[in-house]
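Enquirer: Okay, handing you the structure first.
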Amino acid sequence: MNREEIFERLTPVFHEVFDDDDIVLSETMSAEDVDEWDSLSHIRLVVAVEEVFSLRFDASEVVELENVGQFVSLIESKSAA
Amino acid sequence: MDDDFGAAVSKLASHALDLNQLTTLAKAIERARLENDLSPLSPMRLGLLGNGTTSLFGPALTATAARHGLNLEVVEAPYDQGFQAALDPASDINRTRPDAVLLAFDHRILAMPDNPQDEAESTVCVNEAFEQIRAIGQAVSTQSGATVIYQTLVHPPTHLLGSYDRRLPGSPHKLVDNFNDKLIESINGTGDILLDAGAIAEMVGLDTWHDITRWHLAKIPFVQTAIPLYADHVARLLAASVGKSRKCLVLDLDNTLWGGVIGDDGLAGIILGEGDPVGEAFLDIQRMALRLRALGIILAVSSKNEDATARLPFREHPDMLIRESDIAVFQANWSDKATNLESIARALDIGVDALVLLDDNPVERAQVRAALPQVAVPELPKDPALYSRTLLAAGYFETVSLSTEDLLRADDYTSRAKRVELQGASRDLSSYLTSLNMEIFFAPFDETGRNRIAQLINKSNQFNLTTRRYTQNEVAALEADPSVFTLQVRLRDRFGDNGMISVVICRSLGDGEEWEIDTWLMSCRVLGRGVEQAVLAEIVRNAVANDCRRLRGLFIPSGRNDLVKDHYAKLGFERQVDGSTWLLETHTFEPGDVPVKVIHAVEGNAT
């Protein structure tokens, strides 16, 4: 799965979790850019991503993410493994 | 729209929603609450305290509570400050005077003993944790006046040694058991409520429930995917605490309390009893109903059958466990079930929102859900062996107290197995029938259908105008007989293929100007949906194409087909002087609007 495909699959997840169909993902997007993105919805986001991509994240992996681009890189590396 | 908002929210909440969907719905409810009282949902306020991140529960609880008729506002204590919030009279929890407060504390409140073999030390650990919870509960109860909901602790997903843990006084497993015993005992005799989180976790599976990574990540107490289930259990208790638990289980009969159709199969033909897997499944359902009755749940019957026929197994089948005397209201007729349910509720002097309908037929379930959304209609799997479990898992009869009066409730009805008159005009079913997307297939008798045609001809008793029986060879002969018009009819609807549901045989008389309807039978399952009219339209179409001017219908009473004595009258035939013959002029016949789509009609003709 390449980055573009990951962005594509990730977009509806963001729409569901943050209840906003207008969200457009970008590499630099972070919690500051999305109204509903707080620590709680972040947890829901992580769980939803795990389900959609059939992955499990370790605590250490997700705790340091700063933006969507890094999240996509993480998904990319875990999918390849 | 404003008046219906509460009802619309409740209906939306009655679907299976995941945590994201529940959160979205909760936000909509909170926005609406500012301008709308959300009636008929009853307002309630719930305080939420716990160790760990309980904030994920809040929205789930609000949205799920709407499923149970509640407009629930959740007030949370700040993270990890449960004890302080309970003690402080100025905390949000206490100040807002909630109706109930949920103490969502988990096994992490239990300290483990240094020596698991030391019973005394283990007892100290249990007591300390128990006293802590008790203190929080009493503080919040004193300060806010709320009812406290205590939850049982969940067993750990692993043992230290294995089976031996159950024999160690200080193993984690044993500590949880002892804590829970103490908790249950302390609640008895008070107005406080028990939430059996331990049981919920076991239903989900302990390995799944305990998501340790998530705890370390964000103090999430248990796996997120179980939150909707947990919220539903809490909502059931809240609803029960304000008298909204369901009180009456309405039972369908055919293929719900026994296998088969009593009207067609007879006493000897229905399947019920030991020694047969299907028969045992239905015994299980009956046993479950009787156990619920012993706990005060009223039993009623709503079945599409002749009344006498429906009562037959109760009176005479040796394996029936449920007796007529167990049934408070017994409705067996051919009217729609929603109307019958309203009559049952009225007879029992309870609301329709106190009813649960157990019915194997998805068409019936859909009709009731559409017409009476307040009735609980569990979706059943195909296998009757799973009916009991599915019904009980829904927890419709959850309660927060059980008095002697409650237990005797089912006996209160002095007129046993009462049949009540249906009140009001018959429901308009047309939009519901259209939504069924019915498709009908007509074909003359052929070799492929021969077996099933012969089966129906010899098996049908109720919807059978003449009860003429033919052997398979005779049916084969009809296939080739040029003086006979035959129909095998299949029906499909949005719930699936019903298979062959009607058989017609018409004999051409004299010069072909008249056809006598020798045989017309139909499956009772598709009654009242416009199928009779569709079949007649096809007969007439073929008759006209063959220069037949008249159809002659016969009704031969058999003792079991009273159901169809007015069949031809309802279809517009004219009754003849002899009383059992009916005539229809084919050229003046108007088919009318029928909610059934003809996918395949007979091509070419018989005569």
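Enquirer: For segment B:231-307, what percent of Cα pairs sit more than 21 Å apart?
Expert: Considering segment B:231-307, 43 percent of its Cα-Cα pairs are separated by more than 21 Å.
Enquirer: If eta is 1.002 mPa s and T is 20 °C, what Stokes-Einstein diffusion coefficient results for segment A:3-80, Kirkwood Rh from Cα pairs, in µm²/s?
Expert: Using the Kirkwood radius from Cα pairs, D works out to 171 µm²/s.
Enquirer: Expressed as a rounded percentage, what relative contact order does chain B have, with Cα pairs under 8 Å and six or more residues apart?
Expert: That works out to 9 percent.
Enquirer: Please give the average number of partner chain Cβ atoms lying within 10 Å of the Cβ of each residue in B:211-222, rounded to a whole number.
Expert: Taking all residues of B:211-222 together, the mean is 3.
Enquirer: What value in Å³ per residue do you get for the convex hull of the alpha-carbon atoms in segment B:360-495?
Expert: 222
Enquirer: Using a simple spin-label model with points 7 Å from Cα along the Cα→Cβ vector, what separation in nm is obtained for B:Q84 and B:A394?
Expert: Each label point is offset 7 Å from its Cα along the Cβ direction, giving 4.5 nm.
Enquirer: Continuing with the same structure: In square nanometres, what is one fourth of the surface area of the convex hull spanned by the alpha carbons of segment B:432-600?
Expert: 9.6
Enquirer: Can you list which of the DSSP-assigned H helices in chain A have a Cα extent of 15 Å or more along the long axis and an average Kyte-Doolittle score of at least 0.5?
Expert: In chain A, the long hydrophobic H runs are A:39-53, A:68-80.
Enquirer: Counting only C-alpha contacts under 8 Å and six or more residues apart, can you give the relative contact order of segment B:5-241 as a whole percent?
Expert: 21
Enquirer: At what distance in angstrom do the alpha carbon centres of segment A:1-56 and segment B:1-63 lie from each other?
Expert: A separation of 24 Å, based on Cα centres.
Enquirer: Also: With θ set to phi - 60°, apply the Karplus curve 6.51 cos²θ - 1.76 cosθ + 1.60 along segment A:24-31 and write out the HN-Hα couplings as whole Hz, x wherever there is a Gly or Pro.
Expert: Rounded to whole hertz, the list is 10, 7, 9, 4, 9, 4, 9, 4.
Enquirer: Moving on to the next point. Given H placed 1.01 Å from N in the peptide plane, which residues other than close sequence neighbours of B:L102 have an amide H under 5 Å from its amide H?
Expert: The list, which skips near neighbours in sequence, is B:G47, B:L48, B:L49, B:I149.
Enquirer: Taking amide H positions as placed 1.01 Å from N in the peptide plane, with prolines and chain starts having none, which residues 5 or more places from B:D211, or on another chain, fall under 5 Å of its amide H?
Expert: HN-HN under 5 Å from B:D211: B:V223.
Enquirer: Now for a different question. Can you give me the P(r) profile for chain B? Cα pairs, bins 20 angstrom wide beginning at 0, each as a whole percent.
Expert: 17, 40, 27, 13, 3, 0
Enquirer: Here's another thing I want to ask about it. Using 26 Å as the Cα-Cα cut-off, could you pick out the over-long pairs in B:K382/B:K570; B:K337/B:K597; B:K304/B:K459; B:K459/B:K570; B:K27/B:K337?
Expert: B:K382/B:K570; B:K27/B:K337
Enquirer: To the nearest 500 deg cm²/dmol, what mean residue ellipticity at 222 nm is calculated for the protein assembly as shown from DSSP H runs of n ≥ 4 alone, each contributing -39,500 (n - 2.57), summed and divided by the residues?
Expert: Estimated from H runs of four or more residues: -12500 deg cm²/dmol.
Enquirer: Ok, one more. If contacts are Cα pairs under 8 angstrom and at least 6 residues apart, what is the relative contact order of segment B:499-538 in percent?
Expert: 35
Enquirer: Moving on. Rounding to the nearest 20 debye, state how big the charge dipole of the protein assembly as shown is about its Cα centre with +1 on each Lys and Arg Cβ and -1 on each Asp and Glu Cβ.
Expert: So the dipole magnitude of the protein assembly as shown works out to roughly 2260 debye.
Enquirer: Follow-up. Summing +1 for each Lys or Arg and -1 for each Asp or Glu, what net charge is found among the other residues whose Cβ lies under 12 Å from the Cβ of B:A235?
Expert: Every neighbour counted, the sum reads +1.
Enquirer: Give me the inter-chain shielding for B:14-25: mean count of other chain Cβ atoms within 10 Å, whole number please.
Expert: Mean shielding count: 3.
Enquirer: Please list the non-local residues whose amide H lies under 5 Å from the amide H of B:N71, H modeled 1.01 Å from N, same-chain partners needing a gap of 5 or more.
Expert: Those qualifying (amide H under 5 Å, at least 5 residues apart or on another chain) are B:S42, B:M44.
Enquirer: I need the semi-axes of the equivalent ellipsoid of segment B:248-427: take the C-alpha gyration tensor, multiply each eigenvalue by 5, square-root it, list largest first in whole angstrom.
Expert: Value: 22, 19, 17 Å, ordered largest first.
Enquirer: Is any helix in chain B, taking whole DSSP H runs, at least 20 angstrom long along its axis by alpha carbon and on average at least 0.5 on the Kyte-Doolittle scale, and which ones?
Expert: B:227-241, B:531-545
Enquirer: Taking the DSSP beta bridges in the protein assembly as shown as the whole, what percent of them are antiparallel, to the nearest 5?
Expert: Antiparallel: roughly 40 percent of the beta bridges in the protein assembly as shown.
Enquirer: Additional query: Any chance you could check the Cα centroid distance between segment B:496-526 and segment B:243-316 for me, in angstrom?
Expert: Segment B:496-526 and segment B:243-316 have Cα centres spaced 32 Å from each other.
Enquirer: At q = 0.11, 0.12 Å⁻¹, what log₁₀ I(q)/I(0) does the protein assembly as shown have when each alpha carbon counts as one equal point scatterer in the Debye sum?
Expert: Each listed q maps to, in turn, -1.17, -1.28.
Enquirer: Next question. Within segment B:231-352, what percent of beta bridges assigned by DSSP are antiparallel, to the nearest 5?
Expert: 10
Enquirer: Taking the Cα atoms of segment B:204-354, what is the range of coordinates along each of the three principal axes, in descending order and whole Å?
Expert: Principal-axis extents of segment B:204-354 (Cα, largest first): 64, 40, 27 Å.
Enquirer: Quick one: net charge around B:A385, please, counting Lys, Arg +1 and Asp, Glu -1 for every other residue with C-beta under 9 Å from its C-beta.
Expert: That works out to -2.
Enquirer: Quick one: if you stick a label point 7 Å off each Cα along the C-beta vector at B:A601 and B:H15, how many nm between them?
Expert: 3.8
Enquirer: Okay, moving on. Which number comes out as Rg/Rh for segment B:5-241 once both Rg and the Kirkwood Rh are worked out on C-alpha atoms?
Expert: Ratio of gyration radius to Kirkwood radius: 0.99.
All of the numbers you see were taken from the coordinates with simple rules; none came from a lab. Please read these numbers as outputs of a predicted model, since none were measured by experiment. We place every Cβ from the backbone using ideal geometry, glycine too, and count neighbours over all the protein chains shown.
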